[in-house]
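Only one structure is covered here, and it is reproduced in the block below.
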C-alpha cells in the first residue's frame, strides 16, 4: 500500500508566534517572518470568486524550504537552473537521535553510512521538529559537523534534509571562532551540488529506511531557494 507523509509544517499563525522570538533578539532575522502575508485581490463577497496575493521569503524557517546553490554562492545555480530530477528520487533516513551534544556528527551515524547510495537524499532525523513553535526550536538547535558534511559530499548525495532550522553551528559566534559568520556547511554542500532542505517536519513518521522523496519548488527564474511541500512516499518498492 502506497502511503504519503507530509514533511512540511503548515504556514499560518506560527509565523507571528515565531516572530516574537526574534523581535528583540535579532531584528534583521525577524524581517523574514514579517514578510509573510496573505492579502485578498478578489473576494467571493464582491467578485464571486477568490484570488489572493501571497507574500513570503524564498527561505522560510517556519516550514520546509530548499536552499539552491545561489543562496550562498554568487556563481551557484538558481532553482530554475537545477535539473528537475534533482527534486525527486530515493532517500535514506539516518537516525541521529543518539548524538551526545548539539552536533550531528560522523560518529553518531557512522554505522548507517553504508546505507547511503549515490544520488540519495539523506534525511537526518533528530526529532528536533517536536520543539517547533517554541523559542527553543531556534535556540541551541542541532547542526551538521564538517566531517559528516564532507562524507555526504564524498558519497555523492543529491540532497540533505534536516528536521531543524539550519545546518550551521550558530554557537560559533559566541565562541569567537575565526570566520564564525561564514556558513561553512552551506559552502561545502552547495558548492558540491548538494542542495539542502531545512526545517522539515515528521521524519519520525517515516517507517521505511529508504522512502521516495519529493521536494519540488516552483520553477522561478533567478530564485535562490523556495518553500517546498516535502513528501515522503512509502510502499513504492516491491517487497
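At a glance:
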item	result
Chain lengthening between residue 46 and residue 156 when straightened (0.36 nm per residue, less Cα-Cα)	34.2 nm
Candidates 14, 202, 75, ranked by Gaussian network fluctuation over the chain, Cα under 10 Å, top entry	75
Share antiparallel - DSSP beta bridges, the chain, percent rounded to 5	60 percent
GNM flexibility winner over the chain from 212, 164, 49 (Cα, springs under 10 Å)	49
Column: log10 I(q)/I(0), Debye, Cα scatterers of segment 49-172, q = 0.18, 0.20 Å⁻¹	-1.09, -1.29
Cα coordinate range in segment 165-229, projected on the principal axes (Å, largest first)	40, 34, 19
Residues in segment 67-106 reached by a label modelled at residue 31 [backbone nitrogen below 18 Å; 7 Å Cα→Cβ]	71-72
Residues residue 184 and residue 11, FRET efficiency given R0 of 30 Å [Cβ-Cβ distance, rounded to 0.05]	0.55
Distance histogram for the chain (every C-alpha pair counted, 5 angstrom bins, percent rounded to whole numbers)	1, 6, 13, 18, 20, 17, 12, 7, 3, 2, 1, 0, 0
Within a Gaussian network of the chain (alpha carbon springs, distance under 10 Å), most fluctuating of 39, 133, 154	39
Extension gain, residue 176 back to residue 97 (0.36 nm per residue minus Cα-Cα distance, nm)	25.7 nm
Tail fraction, Cα-Cα pairs, segment 121-239, threshold 25 Å, whole percent	28 percent
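Throughout, read-outs are computed from the coordinates displayed, never taken from laboratory work. Not measured: the values here are computed from a predicted model. Positions of Cβ are backbone-derived with ideal geometry, glycine not excepted, and every protein chain shown enters the neighbour counts.
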